[in-house]
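> Below: one structure in structure tokens.
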Number of protein chains: 4
Amino acid sequence: MTLKMDIKTLSEFVEQVFEQVKGDFTVEDLSEDSLRVRLNVTDKHLRPGGTVSGPSMFALADMAAYYMTLARIGPEALTVTTNCAIDFMRKPAAGADLIAHARLLKLGRQLAVTDVLLFSDGQPKPVARASLTYSIPPQ
Amino acid sequence: MTLKMDIKTLSEFVEQVFEQVKGDFTVEDLSEDSLRVRLNVTDKHLRPGGTVSGPSMFALADMAAYYMTLARIGPEALTVTTNCAIDFMRKPAAGADLIAHARLLKLGRQLAVTDVLLFSDGQPKPVARASLTYSIPPQ
Amino acid sequence: MTLKMDIKTLSEFVEQVFEQVKGDFTVEDLSEDSLRVRLNVTDKHLRPGGTVSGPSMFALADMAAYYMTLARIGPEALTVTTNCAIDFMRKPAAGADLIAHARLLKLGRQLAVTDVLLFSDGQPKPVARASLTYSIPPQ
Amino acid sequence: MTLKMDIKTLSEFVEQVFEQVKGDFTVEDLSEDSLRVRLNVTDKHLRPGGTVSGPSMFALADMAAYYMTLARIGPEALTVTTNCAIDFMRKPAAGADLIAHARLLKLGRQLAVTDVLLFSDGQPKPVARASLTYSIPPQ
């Protein structure tokens, strides 16, 4: 029940593995079963009207679960998403970053399950919720 | 943002609408955006080995979201489930009731979204998580 | 890519493992990647109004995926559901059995994914759709 | 039960509404309850190793359901995704476009439900499956 990576190690590992998302995400808080990560919103994440797009919300939820899982299992790049269920509940605020609050619900030998709530920065009500399953490669 | 039914009114309404489940569920706690409900486990809810079956876990999550939604919109029997995503994470403890903790994440005009965690009574780790969408009939 | 159990062996194995559901389900058709199974509807499966309940629809979808997975991996009772996403789309017809059409989409070493459509017997439009993941025990 | 837009009108409408995705998607086939659409894969859709990323697969499934729904209800830009459940089943082939096969399962007054299978171009087995619900604005 201990973390195998801290915020710095985790962030460096993910930026090295996924060069494409470099600068997009900032892990702001990490504990043994929770994590907060920010999507640094830029034009490429937006829909017309200036709100964050569905695929960008999915990407944030997915990355939040990935960071959370890696923090516990260590630098296993081959850990992959097998399932995601996501509910889009409110329109994100225009011009605001998106913040993901992730909770690790299960860490098994084969599967990790994480719940995520997404908020527009500074807003009290979630814009989306998601649950994600990651498959952990055999040791 | 106020409750339209308290635990007593809510319980009586649901038992009247769903005679089949009479005695199965006990609402133990209710606030504006959360609810705790117990599945009073009997033989019909069990699998071989004495643990609660998947359909019984689904039924509890579904009823928790139904109670939560009704408590806010009032006695609308025609409110129906449109979607459920459920993750089964651990084997329930044998011989224990199942407790659902529901959180209302969104109450819109057409749709209500509720998150549910299920626990074996007295155990700290959830056996399942679910998110459910109810469709609210037009006024 | 061959079946490890035929309809007769499969049905006997499941009735032996799950005595509780004896007589509830009839496998009507089976191929390497598809299966049709009937829920023999009785009073215990109904809601007021005479339509099949949500938990009974979930149970049918879950059993369809279980039969389909077992037919391919053999009699592994410990195969368990890890995830289900289900959409309830139409009210089932009163007084009609429910028919599940399952398609096996993936059979991996650890996970099997099955899609299911549910129909009221004799009706052309599905009442529900579901996708289920089963975790396969290590050999 | 008739189409309100053909491939040309549909494609022009979507490219006008979502300038950001201009050139990314090509609708290749359309009927009253099915649609085939191609993700024209470029570097921005890839992960290290050259395979299509999870968010790009989500985006394709989401757009397939959006095209399918719009083809039936007409040019309603405010139609929005409320829910998606997606299973990632196989690694996409490197250097191949991704093809979505969508089936419209329900078109109600408030909600449309679409099932989607995603394939690497030329491969027989799906890389992912998804089901999506769109909320249709009141007339």
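The values are calculated or read from the model by the stated rules, or taken from the named source; none is laboratory data. As the structure is a computational prediction, the values presented were derived from the model and not from experiment. Positions of Cβ are generated from backbone atoms using ideal geometry, with glycine treated the same way; all protein chains shown enter the neighbour counts. Ligands, DNA and RNA are stripped out before the accessible areas are found, and what is left, the full protein with its side chains, is counted by its heavy atoms. Shrake-Rupley method; radii C 1.70, N 1.55, O 1.52, S 1.80 Å.
> Go through region D:79-128 and report how many residues are β-branched (V, I, T), under 12 Å from the mean Cα position of the chain (by Cα) and under 30 Å from C:P92 (Cα atoms).
Selection size over region D:79-128: 3.
> Of all the residues that make up region D:96-138, how many are closer than 16 Å to D:A59 by Cβ and charged (D, E, K, R)?
Residues that pass the stated criteria total 2.
> Here's something else I'd like to know. What's the total number of residues in region D:80-135 that are within 14 Å of C:K106 (Cβ to Cβ) and among the aliphatic types (A, V, I, L, M)?
Qualifying residue count for the region: 7.
> Can you say whether A:P126 is open to solvent by 10 Å² or more (accessible area, probe 1.4 Å) and farther than 30 Å from D:T79 by Cβ, as far as the supplied structure shows?
No, not satisfied.
> Taking the condition of being more than 8 Å from every other protein chain (Cβ to nearest Cβ) and either among the polar types (S, T, N, Q) or within 15 Å of C:A112 (Cα to Cα) (or both), how many residues in region D:78-90 meet it?
Of the residues in that region, 1 qualify.
> Specify the residue that is most open to solvent (accessible area, probe 1.4 Å); the eligible residues are those in region D:103-123 that are within 11 Å of another protein chain (Cβ to nearest Cβ) and of a type in the set (D, E, K, R).
D:R109
> So how many residues does region A:33-76 have that are touching a residue at least 60 places away in the same chain (Cβ under 8 Å) and of a type in the set (D, E, K, R)?
6
> Can you name the residue in region A:1-42 that is farther than 28 Å from D:L46 by Cβ, open to solvent by 50 Å² or more (accessible area, probe 1.4 Å) and not charged (D, E, K, R) and, of all such residues, is nearest to the other protein chains (Cβ to nearest Cβ)?
Step by step, filter region A:1-42, then rank; the result is A:M1.
> Taking the condition of being more than 9 Å from every other protein chain (Cβ to nearest Cβ) and more than 16 Å from the chain's Cα centre (by Cα), how many residues in region C:129-139 meet it?
Number of matching residues: 3.
> Right, something else. Considering only residues that are in contact with a Leu (Cβ under 7 Å, 6 or more places away or on another chain) and in a helix (DSSP H, G or I), which ones fall in region A:29-56?
A:H45, A:S56
> Sort out which residues of region B:71-102 are open to solvent by 10 Å² or more (accessible area, probe 1.4 Å), among the small types (G, A, S) and closer than 24 Å to B:D121 by Cα, and write them in order of number.
Listed by number, the residues that qualify are B:A93, B:A94, B:G95, B:A96.
> Can you name every residue in region C:43-69 that is polar (S, T, N, Q) and at the interface with chain B (Cβ under 9 Å from one of its Cβ atoms)?
Once the filter is applied, which keeps residues that are polar (S, T, N, Q) and at the interface with chain B (Cβ under 9 Å from one of its Cβ atoms), region C:43-69 yields C:S53, C:S56.
> Right, here's the next one. Filter region A:55-70 down to residues that are open to solvent by 10 Å² or more (accessible area, probe 1.4 Å) and among the small types (G, A, S), then give me how many there are.
2
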